[in-house]
Amino acid sequence: MKYQNNNFFILTGGPGVGKTSVLNELEKSGYTVMPETARAIIKEQMATDGEALPWKNKEIYMQLMVEASAESYREAISKNSLLPVFFDRGILDAVCYARMVGLDLSNEIQEIAEHYQYNTKIFIFPPWQAIYETDEERKQDWKEAEATFEAMKKTYQDYGYEIIEVPKDTVEKRKEFIINRIKQNTSDED
């Protein structure tokens, strides 16, 4: 059985593109925001000297990302919000990661990716070198950031999603762009 929730919107892209800042503004505006699971996994694994890290055991890391993303989806359902719910990355981000590092996807992961469906319009943030930084959890260099953006686009398109590129602009204008596109989408459906 597939879950299709047209009220669930993914914000994705490569690392360091300004997603979290926009998501924080959306949350301040009263929207439900589901945090990024990958960063939480990395923090937890680093704190416990765990193996599930992109620079240690990529396969376990990817598996944990998929499981945490599916749990995030189920948690969002339980919130029963009438407003759009915004996800800092989705299940397919873990699929994209697996593709990028050459991991095979199990049937179970494929089923999860196909089972939990978000709104067909995905908001993707392009690489933006002026704001890009690395940190303890984000270790990718600029070339990797650009490659991740292209891989994300392709992965979501391969699963039938429509890509909407968020313009490089202020946090407030990016937030407004997303909300306006959602409102436009809703009025087009009426």
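The values are calculated or read from the model by the stated rules, or taken from the named source; none is laboratory data. All values derive from a computational prediction rather than experimental measurement. Virtual Cβ from ideal backbone geometry, glycine too; neighbours counted across all protein chains shown. When the accessible area is computed, the model is the full protein with side chains, heavy atoms only, and any ligands, DNA or RNA have been set aside. Shrake-Rupley method; radii C 1.70, N 1.55, O 1.52, S 1.80 Å.
If we scan region 46-67, do we find a residue that is farther than 25 Å from Asp104 by Cβ and not in a loop (DSSP other than H, G, I, E, B)? Talk me through it step by step, then tell me what you get.
Going residue by residue through region 46-67, those that are farther than 25 Å from Asp104 by Cβ are 46-49.
So of that shortlist, the ones also not in a loop (DSSP other than H, G, I, E, B) come out as 46-47.
Yes: region 46-67 contains one or more residues that are farther than 25 Å from Asp104 by Cβ and not in a loop (DSSP other than H, G, I, E, B).
Mind checking whether some residue in region 43-51 is touching a Leu at 6+ places or on another chain (Cβ under 9 Å) and either buried (at least 16 other Cβ atoms within 10 Å of the Cβ) or under 27 Å from Asp169 (Cβ atoms) (or both)?
yes
Working only within region 160-175, note down all residues that are surrounded by 15 or more Cβ atoms within 10 Å (Cβ to Cβ) and on the phi > 0 side of the Ramachandran plot.
Within region 160-175, none qualify.
Could you check Lys2 against (1) surrounded by fewer than 19 Cβ atoms within 10 Å (Cβ to Cβ); (2) modelled with pLDDT of 90 or more; (3) touching a strand residue (DSSP E or B) at 6+ places or on another chain (Cβ under 9 Å) and say which number it fails?
Lys2 satisfies every listed condition except (2).
Filter region 13-30 down to residues that are at pLDDT 95 or above and touching a Phe, Trp or Tyr at 6+ places or on another chain (Cβ under 7 Å) and give me whichever is farthest from Glu71 (Cα to Cα).
This residue is Leu26.
Quick check on region 70-88. Is at least one of its residues farther than 24 Å from Phe125 by Cβ and of a type in the set (A, V, I, L, M)?
yes
What is the residue count in region 104-131 for residues that are part of a loop (DSSP other than H, G, I, E, B) and open to solvent by less than 40 Å² (accessible area, probe 1.4 Å)?
Of the residues in region 104-131, the ones part of a loop (DSSP other than H, G, I, E, B) are 104-106, 118-120, 126-131.
Add one more test, that the residue is open to solvent by less than 40 Å² (accessible area, probe 1.4 Å), and what stays is 118-119, 126-127.
Of the residues in that region, 4 qualify.
Considering only residues that are open to solvent by 80 Å² or more (accessible area, probe 1.4 Å) and farther than 17 Å from Met100 by Cβ, which ones fall in region 52-68?
Hit for region 52-68 is Glu67, nothing else.
Please specify each residue of region 69-98 satisfying the condition of being open to solvent by less than 30 Å² (accessible area, probe 1.4 Å) and assigned to a helix (DSSP H, G or I).
Answer for region 69-98, where residues must be open to solvent by less than 30 Å² (accessible area, probe 1.4 Å) and assigned to a helix (DSSP H, G or I): Ser69, Ala70, Ser72, Tyr73, Ala76, Ile91, Leu92, Asp93, Ala94, Val95, Cys96, Ala98.
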